[in-house]
1. Restricting the search to region 116-175, which residues are farther than 28 Å from residue 33 by Cβ and among the β-branched types (Val, Ile, Thr)?
2. Kindly indicate the residue of region 96-115 that is hydroxyl-bearing (Ser, Thr, Tyr) and not in a helix (DSSP H, G or I) and also nearest to residue 85 (Cα to Cα) among those meeting that condition.
3. Out of all the residues in region 220-231, is one or more in a strand (DSSP E or B), open to solvent by less than 70 Å² (accessible area, probe 1.4 Å) and within 18 Å of residue 316 (Cβ to Cβ)?
4. Output the residue which, of all residues in region 265-310 that are polar (S, T, N, Q) and out of contact with any Gly (no Cβ under 7 Å at 6 or more places or on another chain), is surrounded by the most Cβ atoms within 10 Å (Cβ to Cβ).
5. Being in a helix (DSSP H, G or I) and modelled with pLDDT under 85: is that true of residue 216 here?
6. I'd like the full set of residues that are at pLDDT 85 or above and either among the aliphatic types (A, V, I, L, M) or open to solvent by less than 70 Å² (accessible area, probe 1.4 Å) (or both), limited to region 105-128.
7. Out of the residues in region 261-287 that are in a loop (DSSP other than H, G, I, E, B) and β-branched (Val, Ile, Thr), state the one that is nearest to the chain's Cα centre (by Cα).
8. Scan (1) within 21 Å of the chain's Cα centre (by Cα); (2) at pLDDT 85 or above; (3) not hydroxyl-bearing (Ser, Thr, Tyr) for the single condition residue 98 breaks and write down its number.
Amino acid sequence: MSKHHIEVNHLDEKKKKSLGNRLIVAGILALVGIPAIVLGGWFYFGFITIMLIGAVYEIVHTSRKKYPWYVWVFTYLIAIAFGYWVFFKDNLSSYYVARDAGTLDTWHISLELHFDSLYLSVFAIAIAIGGYFLFSIFNENFTSGDVGYFVTMTLLVGLGFQALLFVRYYPFAYGSSNTPGIIYSRPWDASVDKSTPVFQYWHSAILILFVFLTTMLNDVWAYFVGMLFGKHHMNPRISPNKTWEGFFGGWILGGISGFAFAMIVDACGFPILPTFKIFGPDTQWWWPFIMSMAIPLIGDVGDLSFSFVKRSFGIKDFSKFMGAHGGILDRADSLIFTCVFSSIFAVCVTVGWNFFL
């Protein structure tokens, strides 16, 4: 009878060096990103805005074509409009309301109160499509493929970065009162004044930490399982290094790790959201469990989708901004998809799956 055993792949010097570089860059990103996430407010807003600026640069630069200056300017404006439309619209609206009511002395720009769902401007979409088609009409080097690429990528990245803001600010907008500066905090009662620009309660970051952690642990587990045990490639045409062993390892271990995090913080009295409680008489443990197991799958779709874009242009990374990790979009590809999914899922659970709210 034949004996079955698990064979561990050999790690050559190239793989060891790549792993070391990845760990160093990951450590630097953690030192910058984690404080911004925990502090929230303008710290996180600024961090995401800088990342968006870099991501848009990679969108334009990816094709390796020399576009005129107006393509660069237009792309930045459209991506920012897709990402920050709700922020600009609601703050401007509240300003006019306060002005007409004579209460401008108490008015302030708010980040957190307006993120109760994802929003896209129909006008911005129409301007994006029309603008890029105009470029193709008057610039022979701007092809129909460029039109489709820029419309798709600006829409996807803009919405994705809006979702990155959403998962950080939604715990404040969740069930908030109509009084500016009064937001639900643990346990989401309306007695906490949150008008200060710095969020003083770290537990508002639980949702985003859960999404980020589950997404990244899926990548980490898939990387190590695939590197050590990977034999069967998933789709060499799009991602030559991804294996089925890594996929299932990342999905199962990443999902379990995410749900374990949700259980730990819930046991400490900090549920991801009020409707996502795991322990207690009013438990709805199935929502965080479903979310934990779905996020790795959605993240893989995002990773493969952006890999498809890179292969279409014959490149390995969007840029070398993060060394062995590639560019901003190489790191944010999974997060863009998982944050959009988590935002929609959280809103649907909150409103009882009423899609008309």
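1. Result: 122, 125, 127, 129, 137, 143, 147, 151.
2. So the residue we want is 110.
3. Checked region 220-231: no residue is in a strand (DSSP E or B), open to solvent by less than 70 Å² (accessible area, probe 1.4 Å) and within 18 Å of residue 316 (Cβ to Cβ).
4. 307
5. Judged against the criteria, residue 216 is not a match.
6. Matches in region 105-128: 118, 120, 121, 122, 124, 125, 126, 127, 128.
7. 272
8. Looking at each condition in turn, residue 98 falls short on (1).
The values are calculated or read from the model by the stated rules, or taken from the named source; none is laboratory data. Note that the structure is predicted; figures quoted are calculated from it, not measured. Ideal geometry is used to build each Cβ from the backbone, glycine not excepted, and the neighbour counts take in all protein chains shown. Only protein heavy atoms, including side chains, enter the accessible area calculation; ligands, DNA and RNA are left aside. Shrake-Rupley method; radii C 1.70, N 1.55, O 1.52, S 1.80 Å.
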